[in-house]
Amino acid sequence: MTSLSVETLAADAVEPITSAGHAQLGIAVLAGIAVIVLLITKFKVHAFLALTIGSLALGAFAGAPLDKAITSFTAGLGSTVAGVGVLIALGAILGKLLADSGGADQIVDTILAKAGGRSMPWAIVLIASVIGLPLFFEVGIVLLIPVVLMVAKRGNYSLMRIGIPALAGLSVMHGLIPPHPGPLVAIDAVDANLGVTLALGVLVAIPTVIIAGPLFSKVAARWVDIPVPEKMVGSDGSSDALDKRPSGDVAKLPSFGATISTVLLPVVLMLSKALVDIVVDNPEHTVQRVFDVIGSPLIALLAAVVVGMFTLGRAAGFSKGRITATVEKSLAPIAGILLIVGAGGGFKQTLIDSGVGEMVLEISKDWAIPALLLAWLIAVVIRLATGSATVATVSAAGLVAPLAADMSTAHTALLVLAIGAGSLFFSHVNDAGFWLVKEYFGMNVGQTIKTWSVMETIISVVAGALVLLLSLII
């Protein structure tokens, strides 16, 4: 159990915007979350608006003056967007370059050419994990589903045997590995070290994706044995969606080596920074100062984008104008994500300024439940209620941020991973991803629950257990 220092937090805390007691604050938190849940699930309100209204409702129930609640919300929104907004934008640009240049196709085609038989599910999960590093979950699905359908049809594989590994690879990257929005927001909220979080995230992700992907796919294929939906593929096994892959719109595909190197460049730079920080451990040392710069998330992702313009864009025959157009197109779809993330930061700041952080510390300091397990459970509850992994992550991060006050660097990173693991628990009918998977694979609701929902739960539980195990070791 990580010890919690209320005195330390109190010394650094600003004056709360309300003088409400623990009971009123507890009711305010529940009411604020309830407002968000009801607006998203019952009234189908966009998550940005729901988080904004829920933040103001939280302040009102806590007895805070409306002007102070608004100030807290806007300050949190601004600081969050300032902290992670540019990173999300750079990640979107890199992902768009990867998709439009045909780099994603090159990764897929190269790995599939070397795989076959029993190794195919493992090849698919590798493809999904690599592509899932820079791409948002929905974009990854759009790119990979045609490949999954084609492989299942032509190779006469069970659809779930191929589909589950692909979904597992994308989902694990989305929930645990920066620069995806959820992990980035949690890192910002609890002031975690991004490099350490990335390193530990990869350590947790590898066994998690193996268990939830290739291994679980054997069981899922027995539970749900369905053919590839005919509406998605031609009689020859070709996919309509596959025919529209970007490789047909480029002069040539980027090389496999250049594509992989570009995708992994920010990961290598950020991990190098974390390693140098541990080995050198002297902020004034020239080597550490250099790696602190090149391994910072902003520089690492910016470097990958600049390199990608040449290794992906120019290599595919893109003109300067085409590269500019690709960058512009990549930014429009992330507007909603940025607003949701920002509003989540506003909700977090309203929680903290209302005194909820101190309340959580004071109440939980004598609990027997580990802080990491508490973070996982809170994220699970919000995920089940709202259906959104991102909303669950940003909300849970705001609630448990005070628990990181006197944690070590490694345990703060594990706190982020615990939140991310909890945010993936049991996707069901209130999650857009649930319906996306259902329609692409031609399943009914029951079949989707037995495959996709169970897979998400396995990811959440396995990753959460690994986080707790690591907390006992490091």
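Descriptive notes on the structure:
- Pairs of Cα atoms farther than 20 Å apart, segment 110-170, %: 15 percent
- Taking the inverse of the mean 1/r over every pair of distinct Cα atoms in segment 303-417 gives a Kirkwood hydrodynamic radius of 17.0 Å.
- Inter-part distance where segment 331-347 and segment 174-190 are each reduced to a Cα centre, Å: 13 Å
- Cβ-based net charge around residue 334, under 14 Å, with every Lys or Arg adding one and every Asp or Glu removing one: 0
- Cα Rg over Rh - the chain, Kirkwood: 0.98
- Proximal charge balance of residue 308 [Cβ under 10 Å; K/R count +1, D/E count -1]: +2
- C-alpha long axis of helix 454-473 to longest principal axis of the chain, angle in °: 60 degrees
- Residue pairs, from the table 153/218; 42/348; 329/450, whose Cα atoms sit over 26 Å apart: 329/450
- With kT/(6 pi eta Rh) evaluated at 10 °C and eta = 1.306 mPa s, and Rh the Kirkwood radius from Cα pairs, segment 355-441 diffuses with a coefficient of 117 µm²/s according to Stokes-Einstein.
- When Rg and the Kirkwood Rh are both derived from Cα coordinates, the Rg/Rh ratio for segment 30-118 amounts to 1.28.
- Neighbourhood charge, 12 Å Cβ-Cβ cut-off, centred on residue 384 and excluding it, Lys, Arg +1 and Asp, Glu -1: -1
- Averaged over its residues, the chain has an accessible area of 39 Å² per residue, based on protein heavy atoms and a 1.4 Å probe.
- With respect to the chain, whose longest principal axis is taken over its alpha-carbon atoms, helix 297-308 is tilted by about 20°.
- Fraction of accessible area attributable to carbon and sulfur, segment 371-474 (%, probe 1.4 Å): 74 percent
- Per-residue packing, averaged as other Cβ atoms within 10 Å, sorts the ranges 287-293, 82-88, 261-267, 371-377 into the order 371-377, 261-267, 82-88, 287-293, beginning with the highest.
- Rounded to the nearest Hz, the phi-derived 3J(HN,Hα) couplings of segment 61-77 under the Karplus curve 6.51 cos²θ - 1.76 cosθ + 1.60 (θ = phi - 60°) are 5, 7, x, 7, x, 4, 5, 6, 5, 5, 4, 4, 5, 5, 5, x, 4, where x marks glycine and proline.
- Rounded to the nearest 10 degrees, the angle from helix 86-100 to the longest Cα principal axis of the chain is 10 degrees.
- Peptide packing for 93-100, 440-447, 38-45, 105-112 was compared via the average number of neighbouring C-beta atoms within 10 Å per residue; ordered from the highest value, the list is 93-100, 105-112, 440-447, 38-45.
The values are calculated or read from the model by the stated rules, or taken from the named source; none is laboratory data. Just so you know, these numbers come straight off a predicted model, no measurement behind them. Note that we place each Cβ from the backbone using ideal geometry, even for glycine, and neighbour counts take in every protein chain shown. Surface accessibility is based on the protein's heavy atoms, side chains included, excluding ligands, DNA and RNA. Shrake-Rupley method; radii C 1.70, N 1.55, O 1.52, S 1.80 Å.
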